[in-house]
């Protein structure tokens, strides 16, 4: 069988924005990513994406038949993403040791131990002929953890620095940070800070029909309404100590309107500017509180392409170098997918994948279940 010069894995990830599947092929050496072989973004079919957003946000009653159908459809979409990536990279599938699939998060409530990631991994394994690792969160939850975030262990492997305190910020549907103290003088921590793209995307969709606010141009036109920002930041979640995690099912427009009933009376661009400030100020406060000596903020996720958010973050953290993960060799959109390739590699090698200092689990554990297709 052909063998890659380094361990080769695929990571598949669809975030809470549910805009599609990020797929990345990575080669590892001694547990660290040494190169990205290739990456693609695979869009969900329009009707499927609309239904996923509706189900995850509105949480309507659905039949078991539809639930099973969605599970199949998501799994097939993930398998198609993997196949498209393999074709674009022009590699022999037999050189890929395993696929790590996060699935599509439909619900997450870490404090209660409940989470749901959909996308049948059996269909990925069968569709690609490659061993597939999935179900990364539930063992951490069973051990008393939040089941999230899981990516900080990967951040530590990639971005930690012996002489510089750093934070990694993922701007997905929800924002989360990882603290990386220098010299290992303190444990790595990580938690969801609050809303990021999902809340702003929902408002942009309502006002303009656009799926997101490209480059933050909509927000940049507006003026911040301080009363709205204060009302939203007064939510008890922001004051909770870590470990903590949340989801887009909580931070949504219904939540914002309940906290500030006059929201719909404001200019649309002022609301967008205010929602951007909620993200920025909650992130900045979390960084300063969790790792006061932070010298560098490494931004990843889809929100790293929002130039207005980056500008506002730099203003909110004037003593911190704010840059995207591109400066460190990995494009912002592929970090989380690469993390699940890394977690798959850890599972295949029998190594732990969670950080109890991040999730609050009683112990570190080998995460994920392996589906091995027939030879």
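Each value in this text was obtained by applying a stated rule to the coordinates, not by laboratory testing. For clarity, every value in this text was computed on a predicted model and none was experimentally measured. Note that we place each Cβ from the backbone using ideal geometry, even for glycine, and neighbour counts take in every protein chain shown.
Annotations
- D (Stokes-Einstein, µm²/s), Kirkwood Cα radius, segment 255-375, 1.306 mPa s at 10 °C: 90 µm²/s
- Surface/4 of the Cα convex hull for the chain, nm²: 17.8 nm²
- Among beta bridges from DSSP that stay inside segment 161-328, the antiparallel ones total about 55%.
- Average Cα contact separation per residue, segment 161-328, under 8 Å, 6 or more apart, as relative contact order %: 30 percent
- Rounded to 5, percent antiparallel among DSSP beta bridges of the chain: 70 percent
- Along its principal axes, segment 43-127 has C-alpha extents of 43, 30, 19 angstrom, given from the largest down.
- Cα-based equivalent ellipsoid, segment 289-329: semi-axes from gyration tensor eigenvalues, Å: 17, 13, 8
- Measuring how big segment 161-328 is from its alpha-carbon positions, Rg and Dmax come out at 15.5, 51 Å.
- Segment residue 311-residue 239, length gained on full extension (0.36 nm per residue, minus Cα span): 23.4 nm
- Ascending count of other beta-carbon atoms within 10 Å, so fewest first, for 188, 271, 358: 188, 271, 358
- Using a Gaussian network model of the chain in which every pair of alpha carbons under 10 angstrom is joined by a spring, one finds that among 197, 264, 170 the greatest mean-square fluctuation is at 264.
- What the Cβ-Cβ distance of residue 370 and residue 29 gives, at R0 = 25 Å and to the nearest 0.05, is a FRET efficiency of 0.70.
- Using only alpha carbons, segment 41-197 has a radius of gyration to Kirkwood radius ratio (Rg to Rh) of 1.00.
- Approximate spin-label separation residue 62-residue 107, in nm, with each point projected 7 Å along Cα-to-Cβ: 1.1 nm
- Estimated FRET transfer efficiency (residue 223, residue 258; beta-carbon r; R0 30 Å; 0.05): 0.85
- Calculated from the alpha-carbon coordinates, segment 107-206 shows an Rg and a Dmax of 16.5, 47 Å respectively.
- Calculated log₁₀ intensity ratio I(q)/I(0) where the Debye formula runs over C-alpha points of segment 314-375, q = 0.15, 0.18, 0.22, 0.25 Å⁻¹: -0.71, -0.86, -0.97, -1.03
- Whole-angstrom gap from segment 70-142 to segment 192-228, using each part's C-alpha centre: 30 Å
- The mean sequence separation of alpha-carbon pairs under 8 Å and at least six residues apart, normalised by the residue count of the chain, gives a relative contact order of 22 percent.
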